[in-house]
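Participant: Before I ask anything, let me first share the structure, which is written out below as structure tokens.
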Amino acid sequence: MTFATLGLIEPLLRALETLGYQTPTPVQAQAIPAVLAGRDLMAAAQTGTGKTAGFALPLLQLLTLEGPKVAANSARALILCPTRELAEQVHASVAEYAQHLPLTTYAVYGGVSINPQMMKLRKGVDILVATPGRLIDLFRQNALKLNQLQTLVLDEADRMLDLGFSEELANIYRMLPKKRQTLLFSATFSDDIRLLAGQMLNDPLSIEVSPRNVAANTVKQWVVPVDKKRKPELFVHLMRKGRWKQVLVFAKTRNGVDALVDKLQGLGINADGIHGDKPQATRQRALDRFKASDVQILVATDVAARGLDIEDLPLVVNFDLPIVAEDYIHRIGRTGRAGNTGEAISLVCADEVNMLSAIEMLTRQTLPRKMEPDFEPEHRVPDTDASGQVVKKPKKPKKPKTSGGGGKRNLGKWVDSGEVAPAEPSIKPVRKVPVFNTGPRKKK
Ligand code: AMP
């Protein structure tokens with residue numbers, strides 16, 4: 001199968017040739033004809049499967065061949081993304097695919113001044129990529145009208161709900177024309193996403209290109225059990241031993257990112273960090289430098305788990321496991337992209353056993369464990385498996401201890417898929433996000 005046999009027009013084929021795309025990926029093979037035929041789409045596609053081209057190529061073709069010229073302060077297609085980074089990246093891809101077409105594209109997101117965005121929208125843009133909050137701001141300030149909208153794309157819809165955008169999505173839904181084409185992409189399909197799809201989509205075609213909720217099988221994954229306080233030391237040890245060249249590292253908190261970056265920089269290691277507290281320009285610069293291999297180690301919170309597409313990123317390290325199990329899939333999806341192989345190593349301490357268990361259940365696999373000599377944990381990480389059960393209770397230490405360590409611990413219990421009642425008060429429970437909740441938005 002070729003892109004030509006899928007019915008794409010010559011200017012798009014020329015752009016794909018320049019980009020070196022020879023064969024459509026499975027999601028593209030299914031999505032392109034369906035979108036060209038005008039269908040709504042509900043696609044379960046993992047990150048790295050080529051889903052952006054899957055929706056962007058047919059969308060560009062329809063906009064080129066059909067519909068009126070874009071009016072002032074209008075957009076003909078809207079692509080909603082959860083994060084600024086993803087919005088930038090999707091926009092860059094769309095602009096590349098559209099390079100030989102007479103269409104205009106633009107990306108808007110928060111964290112930067114709104115005025116230049118309002119100016120840019122005056123003439124209207126054919127394809128607008130936006131994060132939900134900024135889109136609503138622009139709409140309320142009359143900088144954007146949506147009555148000309150032909151197509152809405154919800155990209156990484158699960159992530160938008162995770163980030164608390166359900167209220168924004170409900171508002172945007174009310175701003176949209178009734179007659180439109182809607183394409184929904186999500187790595188995972190929770191009940192909330194299905195509810196959202198039920199409200200937003202009209203007789204959608206369902207596409208599932210990989211087993212539901214299973215992480216990319218091109219990524220070799222394993223766990224190194226370790227005591228929490230020794231994680232930084234273990235990281236540096238593994239880095240030196242494995243001669244890691246370029247690594248994306250995920251830490252749970254902003255402070256955790258800063259602390260690890262400080263430690264690495266203190267050792268003369270070329271590291272930088274990104275998290276939500278840093279200004280957008282600083283975040284983007286760190287990403288760009290990492291992509292250009294000017295930075296060796298990029299430490300990030302989950303804000304960077306999406307939207308980061310780096311060719312041949314060989315390794316992702318989970319310095320901390322994510323609180324939301326689905327984020328594990330997104331994190332490791334930064335490697336092993338578009339058919340390449342990759343590795344994902346998780347440094348796991350006893351406190352994180354419930355999160356490990358949740359990830360194994362979600363991905364339906366027991367992650368192999370590799371003990372690192374000299375780093376065997378004093379606080380044993382209880383055994384887990386893909387059934388979601390913590391298999392064995394921690395063994396009692398042979399020599400009774402008078403204080404601290406080992407011993408019985410409340411391991412928490414299952415609430416439902418991906419959701420774990422925390423054993424430690426410091427671990428926040430996963431918040432269920434009601435779709436189209438009208439209550440106040442809680443920001444993470
Ligand atoms: P995505 O899942 O859309 O983030 O795409 C993942 C990566 O695959 C991006 O770097 C794309 O440029 C690349 N890609 C998408 N489709 C193809 C294709 N048909 N052939 C080769 N690379 C592709």
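Participant: Grab the other residues whose beta carbon is less than 11 angstrom from that of Leu41, score K and R as +1, D and E as -1, and report the net.
Facilitator: 0
Participant: Treat each spin label as a single point 7 Å out from the Cα along the C-beta direction, and report the Leu267 to Thr341 distance in nm.
Facilitator: 2.7 nm
Participant: What distance in nm lies between label points placed 7 Å from Cα along the C-beta direction at Arg254 and Arg14?
Facilitator: My value for the distance between the label points is 4.7 nm.
Participant: Give the relative contact order (percent, whole number) for the stretch 29-158; include only Cα pairs under 8 Å separated by 6+ residues. Walk me through the numbers on the way to the answer.
Facilitator: Values: 197 pairs, mean separation 43.0, N = 130.
For the stretch 29-158, the relative contact order is 33 percent.
Participant: Among Ser93, Met118, Tyr106, which residue has its Cα positioned farthest towards the positive end of the charge dipole of the stretch 4-208, with +1 placed on the Cβ of Lys and Arg, -1 on the Cβ of Asp and Glu, and the dipole taken about the Cα centre?
Facilitator: Met118
Participant: When the accessible area of the stretch 4-208 is split by element with a 1.4 Å probe, what percent falls to carbon and sulfur?
Facilitator: 50 percent
Participant: Quick one: of Lys69/Lys178; Lys51/Lys123; Lys123/Lys291; Lys278/Lys370, which pairs are farther than 27 Å apart, Cα to Cα?
Facilitator: In this structure, Lys51/Lys123; Lys123/Lys291; Lys278/Lys370 exceed 27 Å between Cα atoms.
Participant: So between Ala92 and Arg180, what do we pick up on full extension, going 0.36 nm a residue minus the alpha carbon distance?
Facilitator: Extra length available between Ala92 and Arg180 comes to 29.3 nm.
Participant: Expected output is a single nm value to one decimal: the length gained when fully extending between Ala4 and Lys220, i.e. 0.36 nm times separation in residues minus the C-alpha distance. What is it?
Facilitator: Numbers: separation 216, 0.36 × 216 = 77.76 nm, distance 3.41 nm.
Computed gain between Ala4 and Lys220 is 74.4 nm.
Participant: Sticking with the crude label model, points 7 Å out along Cα→Cβ, report the distance from Asp374 to Arg240 in nm, one decimal please.
Facilitator: 0.8 nm
Participant: Next question. Starting from the amide H of Leu41, placed 1.01 Å from N in the peptide plane, find each other amide H under 5 Å away whose residue is 5 or more places distant or on another chain.
Facilitator: Thr182, Leu183, Leu184, Leu205
Participant: Among Met160, Leu144, Val129, whose Cα projects farthest towards the positive end of the dipole of the stretch 116-160, with charges put on the beta-carbon of Lys, Arg (+1) and Asp, Glu (-1)?
Facilitator: In the stretch 116-160, that residue is Leu144.
Participant: Magnitude of the Cβ-charge dipole of the stretch 4-208, K/R +1 and D/E -1, about the Cα centre, nearest 20 debye?
Facilitator: On the way: 18 positive and 19 negative charges, 178 e Å.
For this selection, approximately 860 debye.
Participant: How do the peptides 170-182, 346-358, 221-233, 71-83 rank, highest first, by the average count of neighbouring beta carbon atoms within 10 Å per residue?
Facilitator: 346-358, 71-83, 221-233, 170-182
Participant: Per residue, how large is the accessible surface of the stretch 219-391? Use a 1.4 angstrom probe and give square angstrom. If you can, show how the numbers build up before the last one.
Facilitator: Details: 6770 Å² over 173 residues.
Spelled out: the 1.4 Å probe surface of the stretch 219-391, per residue, equals 39 Å².
Participant: If you don't mind, there's one more thing I want to ask. Can you tell me the accessible area per residue over the stretch 111-177, all protein chains present, probe 1.4 angstrom, in square angstrom?
Facilitator: Using a 1.4 Å probe on heavy atoms only, each residue of the stretch 111-177 averages 37 Å².
The values are calculated or read from the model by the stated rules, or taken from the named source; none is laboratory data. This is a predicted model, so every value here is computed, not measured. Note that each Cβ is placed from the backbone with ideal geometry, even for glycine, and that neighbours are counted across all protein chains shown. Keep in mind that these areas ignore ligands, DNA and RNA; they rest on the heavy atoms of the full protein, side chains included. Shrake-Rupley method; radii C 1.70, N 1.55, O 1.52, S 1.80 Å.
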